[in-house]
Each structure stands twice: as C-alpha cells, then as structure tokens.
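Chemist: Handing you a structure now.
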Amino acid sequence: NVFVTTSETGQYSVRGLPIPQDRFARDLKSEVERKLGSRRRADGNADLIISVTRVLLKSPELSLIAGGKSFIDANVTVRRVSDNTAISGPTVFSGLPEETRMGGIVGAMTAPKALDDYNETIEGFAEMLYEALFEGGTTTY
C-alpha cells in the first residue's frame with residue numbers, strides 16, 4: 001500500500017495553481033502507484049509511507065534568480081504490514097523532473113508552464129523513488 005501525507009509540509013509552492021495539498025497528495029499517490037505497477041500488490045507485505053515536507057515548483061522568475069529544477073522533498077518509510085515496524089527509513093528523499101533546467105535568462109525563458117511543471121515534478125519524484133527502492137538508486141539527489 002502507498003500512503004502520502006502532507007501534515008509535515010512546511011513549504012508548499014505550486015506556482016499559483018489552484019491545487020490544495022490534499023489533491024497534491026492524491027496525485028502523488030496515484031503516480032507512485034502507477035510507477036510501482038506490478039510490484040504493488042493488494043496482498044503485499046509492506047507499506048510505503050511518503051510524508052511530504054516541501055514542494056517547490058520554480059517559476060520563471062525564480063529560475064532567473066536561482067535556476068535549477070522544481071522538486072519535492074519527503075521522508076520515506078517502508079513499513080512491514082504484519083507488525084508496523086520500519087523495514088527502511090524514515091529516509092529523507094528528494095525527487096525532481098528529468099528535464100534539465102538552466103538558470104538565468106535562458107532558464108526563465110524555457111521554464112515549463114505551471115501545470116506541466118507540476119505533472120513533470122510528480123512524475124520525476126515517482127521515477128526516482130522507484131529507482132531508489134528497486135534499482136539501487138541513491139536516496140538523496
């Protein structure tokens with residue numbers, strides 16, 4: 001099972017999109033579940049708990065100043081279903097979109113539209129989390 005909470009979220013900036021934190025949590029949960037695919041089973045023996053601590057979608061203006069990609073930070077725990085003990089974590093994890101994003105004027109001019117940035121950041125987080133869990137990827141990027 002996958003659980004996403006936003007109760008520990010300090011910074012939540014989605015570039016002015018009308019997306020409340022509960023919808024964000026549902027969107028992130030759905031994408032992580034989609035990415036897990038057949039590895040996720042109803043009779044599985046572990047829960048994946050994602051406690052989001054920060055969401056920052058970088059606007060063109062912020063790209064001009066700070067550059068870099070948008071990102072999601074979370075504490076991730078894998079917990080045994082039978083007795084609720086942690087198998088792994090909580091581990092600090094950051095996920096971001098795959099596309100390169102430059103700083104300065106070029107970064108501001110090529111920044112994706114807000115909704116595209118939102119979707120790409122959620123997809124990137126899910127992909128990086130999958131790699132960290134199953135393909136030996138690192139837990140912090």
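The values are calculated or read from the model by the stated rules, or taken from the named source; none is laboratory data. From a predicted model like this one, the values you see are computed outputs, not experimental measurements. Positions of Cβ are backbone-derived with ideal geometry, glycine not excepted, and every protein chain shown enters the neighbour counts. To get the accessible areas, we keep the full protein, side chains included, count just its heavy atoms, and leave off ligands, DNA and RNA. Shrake-Rupley method; radii C 1.70, N 1.55, O 1.52, S 1.80 Å.
Chemist: Compute a Gaussian network model of the chain, connecting alpha carbons closer than 10 Å, and tell me which residue from 99, 127, 31 fluctuates the most.
Modeler: Highest fluctuation among the options: 99.
Chemist: Sorted by packing (mean other beta-carbon atoms within 10 Å per residue), highest first, where do 53-65, 32-44 land?
Modeler: Packing order, densest peptide first, comes out as 53-65, 32-44.
Chemist: Taking the chain as the reference, fit the longest principal axis to its C-alpha atoms, fit the long axis of helix 114-134 to the helix C-alpha atoms, and give the angle between the two in degrees, 0 to 90, nearest 10.
Modeler: With rounding to tens, the tilt is 40 degrees.
Chemist: From the Cα trace of segment 5-55, what convex hull volume per residue do you get, rounded to a whole Å³?
Modeler: Spread over its residues, the Cα hull of segment 5-55 gives 84 Å³ apiece.
Chemist: Which order do the peptides 116-122, 80-86 come out in when sorted by mean C-beta neighbours inside 10 angstrom, highest first?
Modeler: Going by the mean number of other Cβ atoms within 10 Å, highest first, we get 116-122, 80-86.
Chemist: With the other protein chains left in place, how much accessible area per residue, in square angstrom, belongs to the chain at a 1.4 angstrom probe?
Modeler: 54 Å²
Chemist: If you restrict to DSSP beta bridges whose two residues both lie in segment 1-111, what percentage is antiparallel, to the nearest 5?
Modeler: Expressed as a percentage, antiparallel bridges in segment 1-111 total about 70.
Chemist: Bin by bin, in steps of 5 Å, what percent of the Cα pairs in the chain do you find, going until the bin that has the longest distance?
Modeler: Spelled out bin by bin, the chain gives 2, 10, 19, 23, 19, 13, 8, 4, 2, 1, 0 percent.
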